[in-house]
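Let me begin by presenting the structure, written as structure tokens, before commenting on it.
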Amino acid sequence: MAGRPIRVLLADDHRLMREGTAALFRADDRLEVVGLASDGRQALELAERRRPDVVLLDLNMPELGGLEACAVLRERDPAPEVLMLTVSDEEPDLYAALRVGASGYLLKDVAPSELIEAVLAVARGEPRIAPEMASRMLAELAGGADAPPRDPLESLSDREREVLALMADGLRNREIAERLVISETTVKTHVRHVLEKLRLRNRAEAAAFAARHLA
């Protein structure tokens, strides 16, 4: 890629974030913004036409989320590098992004200069992970082999335990949202985290797990 700018496509459902990041990149002659998308589906369509080197994806977007869009992008030939840019500092989201082929995972409070360097790095094939999350991940991996068995529920937040209990009672996302007075989108995020943290495949397995482990 030497000799030409890195072609970057941005996907974020928040216009201010999308356009502000684009303005930052346009001020750097090493980068060329080739498209802006407001959701994952639009990102896939633009990527097919514009052939970016790097795609920045928000995690949670309407129509199609960042994880789903990343999985599709990484199966294409040629496949762009994907850098997730999100507010989520949850380890399950990081691991899920890496599993679908993301080359980097940064939080939205990253310094502008660090974001630009991360884009250049993933374009070279060098992974970039938010330092605070990388530290936690390495500590977890380092202690995993010798650590004593843990209660699997320890990985869940209090809210996630509440969601698990309501899933076990057979409530759907809309009903859980009404019961806990939160949005259905938030419930979906909690359900995903519960399944990923407990390594369960579906709600039926979650219900069976809850029957064994919840008092």
Considering only the stretch 27-36, I want to know if a residue exists there that is part of a loop (DSSP other than H, G, I, E, B) and either β-branched (Val, Ile, Thr) or buried (at least 21 other Cβ atoms within 10 Å of the Cβ) (or both).
no
Tabulated pairs, the stretch 105-118, first closer than 12 Å to Ala27 by Cβ, second among the acidic types (Asp, Glu) and modelled with pLDDT of 95 or more, C-beta under 9 angstrom, 6+ apart or interchain
Ile116/Asp28
Please find, among Leu141, Leu153, the residue that is modelled with pLDDT under 75 and of a type in the set (A, V, I, L, M).
Leu141
Considering only residues of the stretch 159-215 that are closer than 21 Å to Asp93 by Cα and in contact (Cβ under 8 Å) with a residue 60 or more places away in the chain, which is surrounded by the most Cβ atoms within 10 Å (Cβ to Cβ)?
His193
Confirm whether Leu156 is in contact with a His (Cβ under 9 Å, 6 or more places away or on another chain), surrounded by 18 or more Cβ atoms within 10 Å (Cβ to Cβ) and not assigned by TED's automatic domain parsing to the domain that holds Pro62.
yes
Whichever residue in the stretch 80-104 is charged (D, E, K, R) and within 15 Å of Ser135 (Cα to Cα) and, among such residues, is surrounded by the fewest Cβ atoms within 10 Å (Cβ to Cβ):
Asp89
Among the residues of the stretch 175-199, the number that are under 19 Å from Leu67 (Cα atoms) and either of a type in the set (Ser, Thr, Tyr) or modelled with pLDDT under 80 (or both) is 4
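Does any residue of the stretch 111-129 turn out to be at pLDDT 80 or above and touching a Phe, Trp or Tyr at 6+ places or on another chain (Cβ under 6 Å)?
The answer is yes, given that some residue of the stretch 111-129 is at pLDDT 80 or above and touching a Phe, Trp or Tyr at 6+ places or on another chain (Cβ under 6 Å).
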Output the qualifying pairs, or none if there are none: Cβ atoms under 8 angstrom, residues six or more apart or on different chains, first residue in the stretch 60-76 and among the basic types (Lys, Arg), second residue at pLDDT below 90.
Arg74/Val100; Arg74/Gly101
If you check every pair at least six apart or on different chains, which have Cβ atoms under 8 Å apart with a residue in the stretch 9-30 that is closer than 22 Å to Glu45 by Cβ and assigned by TED's automatic domain parsing to the domain that holds Gly66 first and a residue that is of a type in the set (Phe, Trp, Tyr) and surrounded by 15 or more Cβ atoms within 10 Å (Cβ to Cβ) second?
Leu10/Phe25
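Quick grid of which residues meet (1) out of contact with any His (no Cβ under 9 Å at 6 or more places or on another chain); (2) outside any helix (DSSP H, G or I); (3) in the same structural domain as Asp93 (by TED's automatic domain parsing); (4) closer than 22 Å to Arg99 by Cα:
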position: Glu162; (1), (2), (3), (4): no, no, no, no
position: Gly170; (1), (2), (3), (4): yes, yes, no, no
position: Ala177; (1), (2), (3), (4): yes, no, no, no
position: Thr189; (1), (2), (3), (4): yes, no, no, yes
position: His193; (1), (2), (3), (4): yes, no, no, yes
position: Ala206; (1), (2), (3), (4): yes, no, no, yes
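The values are calculated or read from the model by the stated rules, or taken from the named source; none is laboratory data. Small disclaimer: the values here were computed from a predicted structure and weren't measured. No Cβ is skipped: glycine too gets one built from the backbone with ideal geometry, and neighbour counts run over all protein chains shown.
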